[in-house]
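Comments concern the structure below.
The values are calculated or read from the model by the stated rules, or taken from the named source; none is laboratory data. Since this is a predicted model, take the numbers as computed values, not measurements. Virtual Cβ from ideal backbone geometry, glycine too; neighbours counted across all protein chains shown. Remember, those area values only see protein heavy atoms, side chains included, never the ligands or the DNA or RNA. Shrake-Rupley method; radii C 1.70, N 1.55, O 1.52, S 1.80 Å.
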Amino acid sequence: MKKKLVLFILTFCTIIIYPQSAHIETYGLSPRQVEADSTDMFIIPYNGLTNVGINTTIYIEVSLTGAALTNPTWNVIQKPPGSNAHFYTTANLTDSNQVVIFKPDSAGTYKINFTDGSVISDTLKIIAGLYLGYTGGLIPCGTCHGDKVDEWQHTGHYAIFEEGLNGTLSNHYGPSCINCHTTGYDTSAANNGFDDFPFVF
């Protein structure tokens, strides 16, 4: 009886000192990382942002502390009216880390929840919409984020696309450079990104 009591106390103290919890965050991947393995579920690069264009393929990772995956459950606990967004493929990176694919299909806010038995759950918010120009258009980015637009205009990223097309950037700028130097370039998603407009290099 004494041994059982000691074992119970140790187990109880371990749970208090090292609570089992889950942490959700986005799982960004560069084009180079995607190309490194053609047999896994990662087929499209993702920048890891939580504000995305609709129909963007998002990778979401959960990391458990003090526990291993036993019955992982992903839920969309909030989504815009009319949305049919759901989860796709999952992959276990380790016995306590899992990644799932999610695609928001309507403009608005999504809340993703993860649970696994007695593990303390966690929630991640994703905001999806259509890409807008930084000037002009119905509601340009600068309307709400003028400080960020001004900050961006003072970086090398601001003019690199134009310089590349004008030939002043380098002599090897080509069509494959465009997807990294434009906004919302994702041929698998229709969301007013650069690739959704007519353009010939």
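Worth pointing out:
- Taking a Cβ cut-off of under 14 Å around Tyr134, the surrounding Lys, Arg, Asp and Glu residues balance to a net charge of -3, with basic ones at +1 and acidic ones at -1.
- Here the relative contact order of the stretch 23-172, from alpha carbon pairs under 8 Å that lie six or more residues apart, stands at 21 percent.
- Between Ser188, Ser83, Ser170, the Gaussian network model of the chain with springs among Cα atoms under 10 angstrom shows the greatest mean-square fluctuation at Ser170.
- Folded to 0 to 90 degrees: helix 142-153 orientation relative to the chain principal axis, Cα: 80
- For the options Asp150, Asp95, Asp105, a Gaussian network treatment of the chain with springs between C-alpha atoms closer than 10 Å singles out Asp150 as fluctuating the most.
- Whole-number accessible area per residue in Å² for the stretch 59-127, which is evaluated in the context of all protein chains at 1.4 Å: 47
- Within the chain, helix-based [θ] at 222 nm, where runs of 4 or more DSSP H residues each add -39,500 (n - 2.57), nearest 500: -6000 deg cm²/dmol
- Largest GNM mean-square fluctuation across Gly133, Gly164, Gly156, computed for the chain with C-alpha springs under 10 Å, falls on Gly156.
- Look at where the Cα atoms of the stretch 152-199 and of the stretch 64-78 average out, and the two centres are 38 Å apart.
- Here the stretch 30-168 has an Rg and Dmax of 18.5, 59 Å, counting Cα atoms alone.
- Base-10 log of normalised Debye intensity for the stretch 88-182 (one unit scatterer per alpha-carbon) at q = 0.13 Å⁻¹: -0.79
- Protein accessible area in the chain, 1.4 Å probe - carbon and sulfur %: 57
- Pairs exceeding 22 Å between alpha-carbon atoms, taken from Lys103/Lys148; Lys79/Lys103; Lys103/Lys125: Lys103/Lys148.
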